[in-house]
Amino acid sequence: MTRFRKTKMRQALLPGIFLGTLLLSAAGAGWIAPYSPHAEAREYAYHPPAKIHFRNEQGGISLFRPYVYETRRVFDSFRRRHYVEKPGRKFYVTFFKGCLFTVPEPAKAYLLGSDPRGRDILSRILFGTRTSLSIAFLGALLATVLGFWVGGLAGYFGGRIDQFLMRLSEFFIMIPAFYLLLALRSALPPDLGSRETFLLVVLILSVIGWGGLSRVVRGMTLSLREREFVSAAKILGRGDFEILTRHILPHLISYLGIAVSLAIPGYILGESVLSLLGLGIQEPDVSLGNLLQDCLSIPNIEFNPWLFAPGFWLAFISFGFYFLGDRLTRSGENG
């Protein structure tokens, strides 16, 4: 492996570590999250991020015994809600007792604050990430497989098959994805269960995402079918389906990984838009999209800016996947 290629791989290591940690945290949300995503505490509505204290009785810093104080709600002269700490009893953070960390009641470990119903935003982000990533992975994988097969068949056989499949893919490319997304979802029953809605969102995102990929795969297949190993396979009597599946498409597997990593952010954003508009995953289920519904009110953001934490998390995830795909693309081009 050349020094240049090693450098490129090291550049892809950082987003890979970040996304790996992200996937592990989403998979282990039930153990990492300090609270249930549905646990409500109305008396702690719009609670700001909790203050974690590390100062011990001697006035020094104790990093291994953090604690919080219980808080109470007060209102100022403008009837704005505030939370103040009750000095006195310290509630120490405990680790690895049923979950990664928690504090005894009645104190709250709201590291990212709470929503209008007193639910922990951090816990809801972890569970919402799991839902959104599941939809994005399945949608991107399904669209990529469909695009690979359509592009492979069009590029290998050519002629009328190529004309038909490419006009079909151009039809989906031509229609604005956002409006097609809304039209497909709005045309279907709104009162579907959680499982049906999940599968429906996956299918809708797959339908609008395969067209561009199929054209790229078609061009790569056109080049590969003129190579010597394809001619040799034909001389040996291999059938078209075997040549396509065993000799041409395997050469595109590396591009498959790049295509999926670049497509996932778009699918996450697509799910978020549907859920934000009330057409995707809805309460009581959690996704990054419906977590942003509280951000539709400008006063909410102005007085409770921590409500926008799911939006920042969504941006981090998207940039992580885009950066990983970009690094893998550059490594492939220069490898």
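Coordinate-derived values only; no laboratory data. Values in this document were obtained by computation on a predicted structure and should not be read as measured data. Here the Cβ is made from the backbone with ideal geometry for all residues, glycine too, and neighbour counts use every protein chain on show.
Assorted remarks:
- Peptide ranges 310-321, 219-230, 147-158 listed from the most packed, as the mean C-beta count within 10 angstrom indicates: 147-158, 310-321, 219-230
- FRET efficiency, Ile161 to Ala27 (Cβ-Cβ, R0 41 Å, nearest 0.05): 0.50
- For the chain, the Kirkwood estimate of the hydrodynamic radius, built from every pair of different alpha carbons, is 23.1 Å.
- Under 5 Å from the amide H of Thr102 lie the amide H atoms of Thr94, each residue being 5 or more positions distant or on a separate chain, with H modelled from the backbone and absent for Pro and chain starts.
- Highest-fluctuation residue, Gly30, Gly237, Gly211 considered, GNM on the chain with Cα pairs under 10 Å: Gly237
- Distance from the Cα centroid of region 82-161 to that of region 245-294 is 13 Å (rounded to whole angstrom).
- Pairs of lysines in the chain whose Cα atoms sit within less than 21 Å of one another amount to 6, provided the residues are eight or more positions apart or on different chains.
- The GNM of the chain, with springs linking C-alpha atoms under 10 angstrom apart, assigns the highest mean-square fluctuation among Arg65, Arg42, Arg130 to Arg65.
- Ordering Met166, Leu252, Leu222 by the projection of their Cα atoms onto the charge dipole of region 124-334, which places +1 on the Cβ of Lys and Arg and -1 on the Cβ of Asp and Glu, puts Leu222 at the extreme positive end.
- Note on the chain: with charges restricted to the Cβ of Lys and Arg (+1) and Asp and Glu (-1), its dipole about the Cα centre is near 940 debye.
- Cα-Cα P(r), region 50-109, percent of pairs per 10 Å interval: 21, 44, 25, 9, 0
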